[in-house]
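The values are calculated or read from the model by the stated rules, or taken from the named source; none is laboratory data. Note that the structure is predicted; figures quoted are calculated from it, not measured. Note: ideal-geometry Cβ built from the backbone for every residue, glycine included; neighbour counts use all protein chains shown.
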């Protein structure tokens, strides 16, 4: 299962983890020194959101900052003709609206 938001496309990013030692100048020290830099991954906060559209249960994996968009899609789907479609087809149609 990929770690990508289905609405915004947010994905993991590579960041540097910086290790420092020493006392800050503001605290009376001689300043912080960098002792190591290593790469690490930052992952988006993905959550599963379930909605019911046209009698079908549809699950979205979205970042928490886009959860409200899923419910907006559910409201917009009320005016669409989605009866008789599978859950996968409904989900594809809803994602086209984004």
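Given the options 22, 31, name the one that is modelled with pLDDT of 95 or more and surrounded by 12 or more Cβ atoms within 10 Å (Cβ to Cβ).
Details: 31 fails: surrounded by 12 or more Cβ atoms within 10 Å (Cβ to Cβ).
The unique qualifying residue is 22.
Could you list all residues from the stretch 52-96 that are within 18 Å of residue 4 (Cα to Cα) and touching a helix residue (DSSP H, G or I) at 6+ places or on another chain (Cβ under 9 Å)? Quick ask: steps written out before the conclusion?
Our first condition is that a residue be within 18 Å of residue 4 (Cα to Cα); within the stretch 52-96, this holds for 58-70, 88, 91-92, 94-96.
Answer for the stretch 52-96, where residues must be within 18 Å of residue 4 (Cα to Cα) and touching a helix residue (DSSP H, G or I) at 6+ places or on another chain (Cβ under 9 Å): 58, 59, 60, 62, 70, 94, 95.
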Flag for residue 61 being outside any strand (DSSP E or B) and modelled with pLDDT of 95 or more: no
Positions within the stretch 1-44 being over 30 Å from residue 85 (Cβ atoms) and either without any contact (Cβ under 8 Å) to a residue 12 or more places away in the chain or touching a helix residue (DSSP H, G or I) at 6+ places or on another chain (Cβ under 9 Å) (or both), in sequence order: 22, 23, 24, 25, 26, 27, 28, 29, 30, 31, 32
